[in-house]
């Protein structure tokens, strides 16, 4: 099982779907950011798995995975700073209470 | 005493057992991340999920990516998220509702997504070799600083911009409010 590309890709798809469910369903803004991190990690797993099983992609996949990690770190920094800035104004981390435009 | 080639009772290889254990632990902790009520525990389950993923990278033969996963995700991003949780949670937050009103449609959409992904993966020929091959770390380093040196520099500039932007967004404004 550990020698088939399909197993890794299916695992990656399952983790991605769990992350998308968390992003769509959770109320807490930080939970949504955590779900985004899950989805990014699932994509990274797919990239590394392709690199391990497809000859022409072998060294490139590790480099791409490292660059995706750096971009994910930048995304987490800016996202959490935005959540903290909104929290300072609205005093709640729950996204369905950010309804200024609806009132 | 020599270690046998395959697991004695089950008759499958050690790396298969390792893959299945890590995959099961990763799916379980990912489910905990999206369902637990206490958000601090969500963060800890996320760290466990990243640890299992680092193990999977080692199984796949990408040790550099595994080390970067441990350093960046478990070491840096999880700590950042835990600090943000401590800064933004009120005392009565865990007692309130975890999911929005659209949780059931979101669950249905995610199930449809996973079925689509499984069907696509299993019905496509990816041109994969039957045995996985490790990628040597020195080859990765060589290609990172020759062929991919421009993306590497661009990503470093992006990180710098993100750090400056994060500090600007999160710092308190003395005049009160943004």
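The values are calculated or read from the model by the stated rules, or taken from the named source; none is laboratory data. Predicted, not measured: the structure shown is a model, and the values here were computed from it. Glycine also receives a Cβ, built like all others from the backbone with ideal geometry; neighbour counts cover every protein chain displayed.
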query: Can you find even one residue in region B:80-92 that is surrounded by 15 or more Cβ atoms within 10 Å (Cβ to Cβ) and not in a helix (DSSP H, G or I)?
result: yes
- prompt: For region A:49-67, does any single residue satisfy the condition of being facing another protein chain (nearest Cβ under 7 Å), crowded, with 22+ Cβ neighbours inside 10 Å and within 12 Å of the chain's Cα centre (by Cα)?
  reply: no
statement: Taking region B:110-119 and keeping only residues that are surrounded by 12 or more Cβ atoms within 10 Å (Cβ to Cβ) and more than 7 Å from chain A (Cβ to nearest Cβ), one is left with B:111, B:115, B:116
- prompt: For region A:8-24, which residues satisfy the criterion of being surrounded by fewer than 20 Cβ atoms within 10 Å (Cβ to Cβ) and either in contact with a strand residue (DSSP E or B) (Cβ under 8 Å, 6 or more places away or on another chain) or more than 7 Å from every other protein chain (Cβ to nearest Cβ) (or both)?
  reply: A:23
statement: How many residues of region A:77-103 are crowded, with 16+ Cβ neighbours inside 10 Å, more than 15 Å from residue B:83 (Cβ to Cβ) and touching a residue at least 60 places away in the same chain (Cβ under 8 Å)? The answer is 2
query: Considering B:53, B:64, which residue is at pLDDT 95 or above and in a helix (DSSP H, G or I)?
result: B:53
- prompt: Which of the following residues is more than 17 Å from residue A:64 (Cβ to Cβ), at pLDDT 95 or above and out of contact with any strand residue (DSSP E or B) (no Cβ under 9 Å at 6 or more places or on another chain): B:121, B:129, B:167, B:115?
  reply: B:115
- prompt: Out of curiosity, is residue B:104 out of contact with any helix residue (DSSP H, G or I) (no Cβ under 6 Å at 6 or more places or on another chain), facing chain A (nearest Cβ under 10 Å) and touching a residue at least 12 places away in the same chain (Cβ under 8 Å)?
  reply: no
